Every structure is written in C-alpha cells, then in structure tokens.
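The values are calculated or read from the model by the stated rules, or taken from the named source; none is laboratory data. As the structure is a computational prediction, the values presented were derived from the model and not from experiment. Neighbour counts run over all protein chains shown; Cβ positions are idealised from the backbone, glycine included. Ligands, DNA and RNA are excluded from the accessible area calculation, which covers all protein heavy atoms including side chains. Shrake-Rupley method; radii C 1.70, N 1.55, O 1.52, S 1.80 Å.
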Amino acid sequence: MPSFDICCLETEPELNSNVVSINVGGRIFQTTKQTLTQAGPKSLLYRLAETGSDRFVDRDPDQFSLLLSLLRSGTLPSKVKDFDLRDLIEESRFYGVESLLTSSLSDPSHLDAFALRKSSELPLNGRDTPSAIASTPFGSLHVSHGSKITSFDWSLTRKSTILTQFTAIDSLLAISPDIAAAGATDFSGLQILDLQKGRVKQVLNWENATRSGSTVQAIGSSGEFLFTSFESSRRNSNSILVYDMNTLNPVIEIARNEIFGADLDSAIPATKLRWVSGYGLLMASGSHSGLSGVSGNIKFWDIRSGNVAFELKEKVDCFADVCVSDNMNVLFKVGVSSGEVFNADLRCLGTVNNEANDNSNPWMCVENRRKVVNGKKEGLGCRIESHGNQVFCSKGGDIELWSEVAAGSEGRLKGRVFRKNVMGRVKAMGGLK
C-alpha cells in the first residue's frame, strides 16, 4: 500500500455522517462512504472512507476527479481524453483502483464503430509483420511476428518480447495474462507458453494412425475448454481435440478423419474454430482449392455427444473467411469468388439441408444486388470478424463495417438488413495499429 498523508482538520461535525470530505491538493471533494468503498477494501480510498475525520491527500486534484467519477458511475468522463493515460494509470495505482480503471478502458460496449480512428501505433521489434493477435479479458494484448511474441500490458504502454521455437506462428490464443497457446501449420505440436518467463510449459500433441507429427491448423476456446485442430504431417488424417482449460487434459476427440483415396471432404481440416456460447456448439470451418474450384464445409459440433448438430457444404462461391455472431444469431461469410458478404440466420440452419436441395441455400447477400462472378477470386485474402452487433470485413486494403438496421414495421424488406460504412485504407507497416 503506497504511503499517503492524512491531516486532521478542526471542523464542526458534519450533519450527515455518511458524507465524506477529502482535500486533494488543496481542492475539496465531497462524496459518500458507499462511493469510496467501491474501490475495494485494499485501496487507499476505502481507508479514507473509514477514517473518522477530514482527510488531506497531497496529489493532483484533476486526476482524482476522474477516478472519483469512475467510482460514482463505473465509467470515465469524456474529459479523460485530455489527460495522459500513463499519468492516470500511476494515479490509479496510488489510490489502489487500477483494476477498476482497466475494466472501464477495456469495456467493449464503449466502442463507437462509426467514429473509429487510429489512436496509437504499437511498435514491434524486427521487420516481421504480425501473423496472429490474441487479446485477454484483462485488457492485455499478445502479437506474434516471425518467431517472436510481443506482449503489451492493458494500458498498451509497456511491452515484453520472447523468442519461440517457431519459424512463424499461425495460431495464437491467450489463456491468461501470462500464458498463451501457440501453433503453426509447419511445426509439430501445440505449445503452452509462459510469456513472462519466455519458456515452453507444455506441448500438446495428437497421436494419429501413422504416428507422424501433428501440426496445428486452428485454436479456439470457451470459458471451460481449449479446442485445437490438428493435421498429421503427412496430411492423411486430421482431428479436433477438446482439452480442459484448467488442467489441459484431453476431454474428447471429435471430427477425426483418416483419409483414404480421394475423399476430399474428409481431407479438409478445420482452419477456424469458434465457440458459439448461445447454442453450446463449436463452429469448425475449412476449405480446399482444387481443379474444380474452392469447396469447403462449416460444421457445428456438439462436444458433449461428439456429433455434428448441423453443417453447410460450400461449393458455389465458397467462403474465403467465416465468422459467427452470438448477439445477432447470424453466420457471416465472404465469398471467395464474388468478394461479397453473406449472412445466414443461425435459427434456421438446423432445418436446412443445402446439400440435398439447391433451393435451400441459406445465404443472403447483404448488398442490395450482387456482383456478377467473373471467374476471379475477388474474396481471396479477405477476412471477416464480428463484434457486438457489427461486422468488420477487410477487402482489398479497405475495412468495411456492416451494422444491422431495423427492417421496418411494414415488413416490406425481407431478411436481415445491414448498413455499410467504409472505414478507410489499411497500410502494411512493421508495427501494429
């Protein structure tokens, strides 16, 4: 606990014993004991609330007013933009409310997507560009670039870098602020890394029929489980293993395929794993490019039974990338041929068999009219991700933002309606923006 000065001032007893007066740097602040105790029993502010006389703290009053607003409402006032974040962090540590400040600054509900702008650039050591990014609920950030992983604390003001055994990292997942899971498509095993000590804690492997090495194609997680998509080094088998997140012991194996002959569907490993918490299902998607074009599948696995709840087989304008939104009950994809964004209502997928009937295609283009497919792969390299009720899609150096809007009470607009906002160009640089 940091030292502080409390001076007793001779004043008349306050009529309301619940009201607390604090003199910070010569400015008087009045609040209630309940507000100060929001800081927690180990904080300086909690001790001030318990002190039976007037208080004096020799600190900056302007910064104290921000932290007091945080205690009162749970959020920071808009004038916080006029202050240096590093100074405010140090001040929050003095009063013992850094965790509250962390929660406020990293609250995703504060994201105003239509007003997004670059606020900072995070420098990375070396010339390698970022290949994977992992964030934690604690606000910290891990970035892989080349064989290295650079970690930033929640304030993005301090960083540390470790060197790994990988040539390049393709999949990265934060398990805790200091522990991450990392894998690559050309390196055997899923490594559990201690980012603080810069060492490998554990290596998770999958034993396939040929007993060859197993490379990592994708990583995902829920609050309880860690999911890893493995493919044998000989590319003749693949599987998804489910681990207990706390013990890292295997719980169940699903989607195991031993590939014989030209069984193309089973030859496609899952290259993206996403937990759909609202349905209790694991989404696994993968695609393959062949002489007849790009084909793929999107499967939703019930990990309790190890069975597929429902799936989509993609042959016409297969996905370049796919994401799922729990908030909107929607599955999104970018068509690899058209480059267009499509959506499918998750609530209807269980009743759709798009393999048996060409008219049962669940996808709807979010544009008013679709482009004519000209044989080029317009969506190649595009990426799509959802956040809240919004969807972000990278296209040819641009970032598109799609937000769902009301379809109107008269019901004249069918399906889900989305509005687009092009957010600007993205330049490739040796840092993370």
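A few remarks follow.
- Residue within segment 407-417 that is closer than 19 Å to residue 298 by Cβ, at pLDDT 90 or above, not acidic (Asp, Glu) and not in a helix (DSSP H, G or I) present: no
- Checked against (1) out of contact with any Cys (no Cβ under 9 Å at 6 or more places or on another chain); (2) over 17 Å from residue 384 (Cα atoms), residue 322 passes all but a single condition, namely (2).
- Among all positions in segment 226-233, there is no residue which is hydrophobic (A, V, I, L, M, F, W, C), surrounded by fewer than 21 Cβ atoms within 10 Å (Cβ to Cβ), at pLDDT 95 or above and over 28 Å from residue 153 (Cα atoms).
- Within segment 119-157, being outside any strand (DSSP E or B) and in contact with a strand residue (DSSP E or B) (Cβ under 7 Å, 6 or more places away or on another chain) holds for 121, 124, 125, 126, 128, 129, 136, 140, 147, 156.
- Residue match in segment 31-41 (condition: under 20 Å from residue 104 (Cα atoms), open to solvent by 20 Å² or more (accessible area, probe 1.4 Å) and touching a strand residue (DSSP E or B) at 6+ places or on another chain (Cβ under 9 Å)): yes
- Hits in segment 227-258 (condition: assigned to a loop (DSSP other than H, G, I, E, B) and either under 18 Å from residue 313 (Cα atoms) or not aliphatic (A, V, I, L, M) (or both)): 233, 234, 235, 236, 246, 247, 249
- Criterion applied to 213, 189 was being on the phi > 0 side of the Ramachandran plot and touching a strand residue (DSSP E or B) at 6+ places or on another chain (Cβ under 7 Å), and the one residue passing it is 189.
- Check on residue 395, under 27 Å from residue 291 (Cβ atoms) and modelled with pLDDT under 85: yes
- Within segment 287-326, the residues that satisfy the criterion of being part of a strand (DSSP E or B), at pLDDT below 90 and open to solvent by 30 Å² or more (accessible area, probe 1.4 Å) are 288, 289, 290.
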